[in-house]
Amino acid sequence: MQTHFSKEQLKDKDNQSSEKIFRKCVHCGFCNATCPTYQLLGDELDGPRGRIYLIKDMLENNKPANEKIVKHIDRCLSCYSCMTTCPSGVNYMHLIDHGRNHIEKTYKRPFKDRLIRNFLSITLSKSINFRVIAILTRFIKPFSFFFPKKLKEMINFMPGKFPKKTLPKMKVYSAHKRKKPVARVALLTGCVQKVISPQINEATIRLLNRHGIEVVVPKGIDCCGSLNHHLGKSDLANQTFKKNISIWYDEYLKNGLDAIISNTSGCGTTLKDYGFIFRSDKLKKEAKKISELTKDISVYLEENVKLNFIKNNTNTKEYKIAYHSACSMQHGQKIHDVPINLIRKTGNQVFNIPDGHLCCGSAGTYNLLQSDIAKKLLKNKISNIEKIKPQIITTGNIGCITQIASGTKIPILHTVEIIDWYTGGPKPEVLQKL
Ligand code: SF4
Ligand code: SF4
């Protein structure tokens, strides 16, 4: 694709990077074939190629965003299915992030939109805020039908109760029965995940500790920053990124870290991008190190841990398990077979879901901001899951777990919960009736 940025425009580091990406695109449109929003809406501007043109036009011509551009960019899930398909290696993720930041700087959204987006930004990016709002909404829930559609959906999305935690809150979770651990890792516990599904972090910690690995949860790290990053709120996102980078880097220097473990693939994708985001910043070296240290839990287990599978009276039955490959896992981090192979080692049958490359509609805050499209995607996902008649669904991303659970009664759990169970951990609560 030809570009027409001026020399002046190319002094900006983001324009510079985006220009290189635009040049890689050969307009072939292969990406449209695997884009969920293009498939549903059939409009060129609701596919990656069309969105690339919209972003290029805004940036090259110093154009402020307008209602039409915002509509089509907002409809993008950031699922990155287009990146897996693109034969030219176009990094759509960096383009859409740049496009969203440009929108936030040049477009004044209608009052209601601003209110909702600010509310999501404040509520979801801090676990304490999320907890307080979730408690307050319990009282409003019975009257949610009085509220406008979007607000009603948000109220209903809030959890009615919080699962009990079984592990105490600590900075360091020591390896079992060892004076010296075989490795030392930091765990990102996540802003929403630790409130609505603490059992995922607990399974991760238990499993790693049992295998001789010390787990550190440094104080001060809550959200990975991707929530605000995807809302185009780059200043807020950068504050979080910088805080996380300095806390983890400090821990790495002072006490040593072999890895930073992410058990939410959406967050892992963003952590792995810190190096790019801070490529021209004074934190460049530190950010790059944090990205290099980041590993999805499935990859860390596969590459670094000799798992000790144990048969006991709760896990002798063989289950048919459907593996949902989260977009951030398969397209964002290019991890697909590793979690499947890990689950196979438990002796259960694992199946890919038909049309598994398509998003379930969760996509961060997408299911709240674009609920009509998200519902259609969820319906398609559930119907594809039902084709394989599984007893259990598993995935590696809390957003997908919440979204899919809202559309089916088949129990769904994080992959790490299954591995924990088969290596001596407790049977996950959602499976107690199976
Ligand atoms: S990220 Fe997903 S929704 Fe957005 S253009 Fe690419 S394939 Fe389509
Ligand atoms: S597949 Fe890649 S090269 Fe082809 S139009 Fe899409 S982004 Fe451009």
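The values are calculated or read from the model by the stated rules, or taken from the named source; none is laboratory data. Please read these numbers as outputs of a predicted model, since none were measured by experiment. With ideal geometry, Cβ positions are generated from the backbone for all residues, glycine too; neighbour counts draw on all protein chains shown. Surface areas here come from the heavy atoms of the whole protein model, side chains and all, with no ligands, DNA or RNA. Shrake-Rupley method; radii C 1.70, N 1.55, O 1.52, S 1.80 Å.
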If you take the residues of the stretch 1-31 that are free of Cβ contacts under 8 Å to residues at least 40 places away in the same chain and within 15 Å of ligand 1 (Cβ to nearest atom), which of them is most open to solvent (accessible area, probe 1.4 Å)? H27
Selection status of V338, modelled with pLDDT under 95 and assigned to a helix (DSSP H, G or I): no
Tally time: how many residues in the stretch 44-94 are within 15 Å of ligand 2 (Cβ to nearest atom), hydrophobic (A, V, I, L, M, F, W, C) and within 18 Å of the chain's Cα centre (by Cα)? 5
Just name the residue that is most open to solvent (accessible area, probe 1.4 Å) out of those in the stretch 113-127 that are touching a residue at least 12 places away in the same chain (Cβ under 8 Å) and of a type outside the set (S, T, N, Q). K126
Do you know which residues across the stretch 193-213 are surrounded by fewer than 22 Cβ atoms within 10 Å (Cβ to Cβ) and either over 15 Å from V416 (Cα atoms) or of a type in the set (D, E) (or both)? V195, I196, G212
Report yes if S246 is closer than 30 Å to D12 by Cβ, open to solvent by 50 Å² or more (accessible area, probe 1.4 Å) and not in a helix (DSSP H, G or I), otherwise no. no
Looking only at the stretch 33-43, how many residues end up being free of Cβ contacts under 8 Å to residues at least 24 places away in the same chain and within 13 Å of ligand 2 (Cβ to nearest atom)? 1
Going through the stretch 76-97 in order, the residues found to be more than 7 Å from ligand 1 (Cβ to nearest atom) and touching an Asp or Glu at 6+ places or on another chain (Cβ under 9 Å) are M93, H94, D97
Provide a single number: the residues in the stretch 313-332 that are open to solvent by 20 Å² or more (accessible area, probe 1.4 Å), part of a loop (DSSP other than H, G, I, E, B) and among the polar types (S, T, N, Q). 3
Candidates L307, L377, L358 - the one that is over 21 Å from T84 (Cα atoms), of a type outside the set (S, T, Y) and in contact (Cβ under 8 Å) with a residue 24 or more places away in the chain: L307
Scanning the stretch 171-182 residue by residue, those assigned to a loop (DSSP other than H, G, I, E, B) and surrounded by 12 or more Cβ atoms within 10 Å (Cβ to Cβ) turn out to be S174, A175, H176, R178, P181, V182
Looking only at the stretch 95-105, decide whether some residue is within 11 Å of ligand 2 (Cβ to nearest atom) and surrounded by 17 or more Cβ atoms within 10 Å (Cβ to Cβ). yes
Going by the conditions given, is K295 open to solvent by 50 Å² or more (accessible area, probe 1.4 Å) and more than 16 Å from the chain's Cα centre (by Cα)? no
For the stretch 355-363, does any single residue satisfy the condition of being open to solvent by less than 70 Å² (accessible area, probe 1.4 Å) and part of a helix (DSSP H, G or I)? no
If we ask which residues in the stretch 33-55 are open to solvent by 20 Å² or more (accessible area, probe 1.4 Å), assigned to a helix (DSSP H, G or I) and either more than 10 Å from ligand 1 (Cβ to nearest atom) or among the aliphatic types (A, V, I, L, M) (or both), their number turns out to be 7
Consider T166 carefully, then state whether it is under 15 Å from D222 (Cα atoms) and either of a type outside the set (F, W, Y) or touching a residue at least 40 places away in the same chain (Cβ under 8 Å) (or both). no
Those residues of the stretch 66-90 which are within 11 Å of I52 (Cβ to Cβ) and open to solvent by 40 Å² or more (accessible area, probe 1.4 Å) amount to none
Right, K164: open to solvent by 70 Å² or more (accessible area, probe 1.4 Å) and at pLDDT below 85 or not? no
Looking at the stretch 130-149, is at least one residue at pLDDT below 90, in contact with a Phe, Trp or Tyr (Cβ under 7 Å, 6 or more places away or on another chain) and crowded, with 21+ Cβ neighbours inside 10 Å? no
So, first residue at positive phi in the stretch 89-107, second residue in a helix (DSSP H, G or I) and within 16 Å of ligand 1 (Cβ to nearest atom), Cβ within less than 8 Å, six or more apart or across chains; the pairs are G89/K24
